[in-house]
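Take a look at the structure set out below.
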Amino acid sequence: MATMLTNHICILITSLLLFAFPTANAIPKRDVENLCRETTDFSFCLTSLESDPRIAAARDLHDVLLIAITLSKIQVDDATTHIGTVSGKYSGPNGKRRIGVCRRNYGIASAKFQTAWELALKKSYWEMEKQAKIGTNAVVDCENGWRRGGPIQKSPLTFYNTNVSKLSGIVFLIFQKLK
């Protein structure tokens, strides 16, 4: 419940900040496309950013960074909900342990992406990057946990883990440009 409230607050504040300024001052679409060309997955980047209505009001890379962090946090929180949905399917000791690790790690990731967003808002980019890396690493560790400590199992969170990793790539790319 608190996670959903936090998401809504992030989205609301980001939206208010972005929509308070006219779209005439928006970052050109070609700049977003050029940014996405530098990522590992151009289509994912472009689809993710352009499907977010706030991108139309983003004035610069700082605003795009806030959107990318928010999208990362949304994926993390959606995964947390998914964990609750699938956890009953893993009744064996390895599955229970792995789900527990993912639940813990996604909790860490949620908090770290929230902090990263707050730091980015203040333009504390170096600290933002540290928090986003911790969050991303927590997600990656969840995914890797399905291949260690017993028989390999297919992770029920691969979709979310992949999306968070790709969104983090966008975050880190923008960080490199802003630092």
Handout entry: Residue count, the stretch 50-79 (criterion: within 21 Å of Gln176 (Cα to Cα), within 12 Å of the chain's Cα centre (by Cα) and hydrophobic (A, V, I, L, M, F, W, C))
Key = 6
Fill in the blank from the handout: Given the conditions (1) more than 23 Å from Ser124 (Cα to Cα); (2) in a helix (DSSP H, G or I); (3) out of contact with any Pro (no Cβ under 7 Å at 6 or more places or on another chain), every one holds for Thr40 apart from (2)
Fill in the blank from the handout: Of the residues in the stretch 55-91, those that are surrounded by fewer than 20 Cβ atoms within 10 Å (Cβ to Cβ) and among the basic types (Lys, Arg) come to Arg59, Lys89
Practice task
Report yes if some residue within the stretch 118-126 is open to solvent by 10 Å² or more (accessible area, probe 1.4 Å), out of contact with any Lys or Arg (no Cβ under 7 Å at 6 or more places or on another chain), of a type in the set (A, V, I, L, M) and touching a residue at least 40 places away in the same chain (Cβ under 8 Å); otherwise report no.
Solution key: yes
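The values are calculated or read from the model by the stated rules, or taken from the named source; none is laboratory data. Predicted, not measured: the structure shown is a model, and the values here were computed from it. So basically every Cβ, Gly included, is an ideal-geometry build from the backbone, and we count neighbours across all protein chains shown. Keep in mind that these areas ignore ligands, DNA and RNA; they rest on the heavy atoms of the full protein, side chains included. Shrake-Rupley method; radii C 1.70, N 1.55, O 1.52, S 1.80 Å.
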